[in-house]
Amino acid sequence: MSVCRGNAQRLAGVSLITMTDTAPTDAAEEIMIVTDAARATVLDIRSNEDDAELLGLRVEVTGANGADYTYDLSLEPVAEAADDDFVHTNDGLSVIIPANSVDAMRGATLDLPSVAGQGGLVIRNPNRPNPLGDLGQLELVGDAADKVRTLLTERINPALAAHGGYAELVGVEGEKAFVTMGGGCQGCSMSAATLQEGIQRAILEAVPEITEVVDTTDHEQGENPYYT
């Protein structure tokens, strides 16, 4: 295995799977569940290292690839974990999750592939990255409609512009925000995921007065200029 950083050793042959039907676990107990089979595999790999009993499994979210997170798994001395890292020990294996990966890993499961004979490990994660990327923090003022318009203008549309698209607020009724998408987003096969995983998530997180985002786009009229 190649050196990852410091004395850490990267685990090779790790498959990555993201699922959305896994219930989150209690953060007070452990962030990521490790199945018995996966633990045995990691411990077997660890047994080939010097001072194996001092090493823990470090799992870090390194970015995103479409709708899935990307990860780095490595063996690292538990004593070198940062003070704000999450460290959980169970049945002889310590799992180390960096503080900036905790939210993205909450409720995930490390397991073996379900396909017989397939090697490596899989991470089944109920969480998905925002396809619009990190929208950052924005101070919003005014009523719910004002806040949604500001969020669209200042954060969401600059991200959609890279795909030749945009989103507009049609109106707000009670706790519902009605949004339409245009440009490269209209008729795009990925627009539904962008609305649900990106735009809707951003609005619901930033504007608590809104509890539902409704897509009013006529996608059949879109020419899909970006993806064609």
Ordering of 199-211, 44-56 by burial proxy (mean other Cβ atoms within 10 Å per residue, highest first) = 199-211, 44-56
Report the calculated FRET efficiency for residue 36 and residue 211 (r = Cβ-Cβ distance, R0 = 41 Å), to the nearest 0.05.
-> 0.55
Residues with amide H under 5 Å from that of residue 34, placed H, sequence gap 5 or more | 110
Placing each pseudo-label 7 Å from Cα in the direction of the beta carbon, residue 47 and residue 146 end up separated by a distance in nanometres of 6.6 nm
Using θ = phi - 60° and the Karplus curve 6.51 cos²θ - 1.76 cosθ + 1.60, what whole-Hz ³J(HN,Hα) does each residue of the range 40-48 get, with Gly and Pro shown as x?
-> 4, 5, 5, 5, 5, 5, 5, 4, 8
Highest mean packing first, using Cβ neighbours within 10 angstrom, the peptides 105-111, 36-42 sort as 105-111, 36-42
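Laboratory data are not the source of any read-out in this text; all were calculated from the coordinates shown. Computed from a predicted structure; not experimentally measured. Positions of Cβ are backbone-derived with ideal geometry, glycine not excepted, and every protein chain shown enters the neighbour counts.
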